[in-house]
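Here is the structure we will look at, set down as structure tokens.
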């Protein structure tokens, strides 16, 4: 079964909100062996929605829609589904009764406009919504020739309504794939995207099983593994074998898996050793401290952070002095320092801001100069990650 997902809403196309529903649905479909081939986001325009539904129904066995089922004038999903089959919208008395009862339970009178939520394209079925007033819609559309049917399920855009509706009423209707799809992620730092691909060689080649893709986000490289197999065990074996191959190629550039960030690894290592950390940072606005304090268990190892506006001298020696002073004044096992030059131009590509990180511990002190781009937000993220990675490498006795 080939699936595609459509997200409805002008708030998505104009950037006001982020479409997280499509990502979530793709993952859930993959878990039952259904592959998603298209993601589409459409503004609240009826003609464009009908045109997209016609295209989607012609090429996919399953179309999942989120959004556009509310009572307001810009909620047009039901009208688009009716336009797809040239059907009339008809009132479903049972759905109307459920909606009215929900308002009664809240001691509110149902606005007349909410009646539209109980109307469905002729031939479609309501999908119960136990967490909101908007029922979903299930519709089967015949396709030309021997292409079979396309099944369309429209669900609310609110995740707290959409997710239980999918599990309870949509997923049981689906013809599950005969093969299982599983995903895994490996996270790396200290190596660029192109260099990673070079080191991995044919591991990232097209058509490989399992597939391995590379994405970069603020200096973190993530390897995405997609395994297809007859069972969970089959997929896990493929993923495990690929893990080993990647570890052989990338070694200590790998710092974590799935949702692990550098701060999670550092906090875990410090707590395992019963050691403490203090930080000082200039030019990042406290981003390093923020990353650390977002991690559960950081209170057991993080003694505090200082945010500086100016620091002199601004060089490797200055970073080393700051790291040592931070360690001593806070009484921590390690002092970690960042210097990012906010006074230098962020516009001149040939004069990208300078940055330095330094670490001081009982066994010595180390400093590194970090190359940055002119993007201010990415520079701050990169330098804070570089500082955490320096600490990680020293805790794990990794030499480069």
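The values are calculated or read from the model by the stated rules, or taken from the named source; none is laboratory data. As the structure is a computational prediction, the values presented were derived from the model and not from experiment. Every residue, glycine as well, gets a Cβ built from its backbone with ideal geometry; the counts of neighbours run over all protein chains shown.
Residues in the stretch 80-105 that are touching a strand residue (DSSP E or B) at 6+ places or on another chain (Cβ under 7 Å) and assigned to a helix (DSSP H, G or I): 81, 82, 84, 85, 95. Taking the stretch 222-241 as the range and being closer than 30 Å to residue 291 by Cα and surrounded by 15 or more Cβ atoms within 10 Å (Cβ to Cβ) as the test, the residues that pass are 222, 223, 225, 226, 239.
Look at the stretch 92-108: where a residue is free of Cβ contacts under 8 Å to residues at least 12 places away in the same chain and a partner is not in a helix (DSSP H, G or I), sitting 6+ places away or on another chain with Cβ atoms under 9 Å, you get 100/110; 104/110.
I'd like to check something: does the stretch 300-309 contain any residue that is farther than 19 Å from residue 263 by Cα, surrounded by fewer than 20 Cβ atoms within 10 Å (Cβ to Cβ) and either touching a helix residue (DSSP H, G or I) at 6+ places or on another chain (Cβ under 9 Å) or modelled with pLDDT under 90 (or both)?
The answer is yes, given that some residue of the stretch 300-309 is farther than 19 Å from residue 263 by Cα, surrounded by fewer than 20 Cβ atoms within 10 Å (Cβ to Cβ) and either touching a helix residue (DSSP H, G or I) at 6+ places or on another chain (Cβ under 9 Å) or modelled with pLDDT under 90 (or both).
Out of the residues in the stretch 187-221 that are in contact (Cβ under 8 Å) with a residue 60 or more places away in the chain and not in a strand (DSSP E or B), which is surrounded by the most Cβ atoms within 10 Å (Cβ to Cβ)?
Among those residues, the one meeting the criterion is 219.
Residues in the stretch 182-214 that are under 25 Å from residue 287 (Cα atoms) and in contact with a helix residue (DSSP H, G or I) (Cβ under 8 Å, 6 or more places away or on another chain): 5 in all. If you check residue 113 against the conditions, is it outside any loop (DSSP other than H, G, I, E, B), free of Cβ contacts under 8 Å to residues at least 60 places away in the same chain and assigned by TED's automatic domain parsing to the domain that holds residue 48? Yes. Checking every residue in the stretch 311-324 against the condition of being touching a strand residue (DSSP E or B) at 6+ places or on another chain (Cβ under 6 Å), closer than 17 Å to residue 392 by Cβ and in the same structural domain as residue 364 (by TED's automatic domain parsing) gives at least one match.
Condition check ((1) in contact (Cβ under 8 Å) with a residue 60 or more places away in the chain; (2) under 24 Å from residue 365 (Cβ atoms); (3) not in a helix (DSSP H, G or I)) across all residues:
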{"position": "238", "(1), (2), (3)": "no, no, no"}
{"position": "242", "(1), (2), (3)": "no, no, no"}
{"position": "270", "(1), (2), (3)": "yes, yes, no"}
{"position": "284", "(1), (2), (3)": "yes, yes, yes"}
{"position": "320", "(1), (2), (3)": "no, yes, no"}
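Each row is one residue, and each column tells you yes or no for (1) at pLDDT 95 or above; (2) under 17 Å from the mean Cα position of the chain (by Cα).
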site: 205; (1), (2): no, no
site: 210; (1), (2): no, no
site: 222; (1), (2): yes, yes
site: 235; (1), (2): no, no
site: 242; (1), (2): yes, no
site: 250; (1), (2): yes, no
site: 254; (1), (2): yes, no
site: 260; (1), (2): yes, yes
site: 267; (1), (2): yes, no
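Here residue 296 fulfils each of the conditions (1) touching a helix residue (DSSP H, G or I) at 6+ places or on another chain (Cβ under 6 Å); (2) part of a loop (DSSP other than H, G, I, E, B); (3) without any contact (Cβ under 8 Å) to a residue 60 or more places away in the chain apart from (1). The set of residues in the stretch 139-159 being surrounded by fewer than 18 Cβ atoms within 10 Å (Cβ to Cβ) and part of a strand (DSSP E or B) consists of 140, 142, 149.
Residues in the stretch 31-44 include none that are buried (at least 21 other Cβ atoms within 10 Å of the Cβ), at pLDDT 95 or above, on the phi < 0 side of the Ramachandran plot and in a helix (DSSP H, G or I). Please verify whether the stretch 274-284 includes one or more residues that are within 28 Å of residue 27 (Cβ to Cβ) and within 25 Å of the chain's Cα centre (by Cα). No. One residue stands out in the stretch 45-67 among those that are touching a strand residue (DSSP E or B) at 6+ places or on another chain (Cβ under 6 Å) and assigned to a loop (DSSP other than H, G, I, E, B): the one that is surrounded by the most Cβ atoms within 10 Å (Cβ to Cβ), namely 67.
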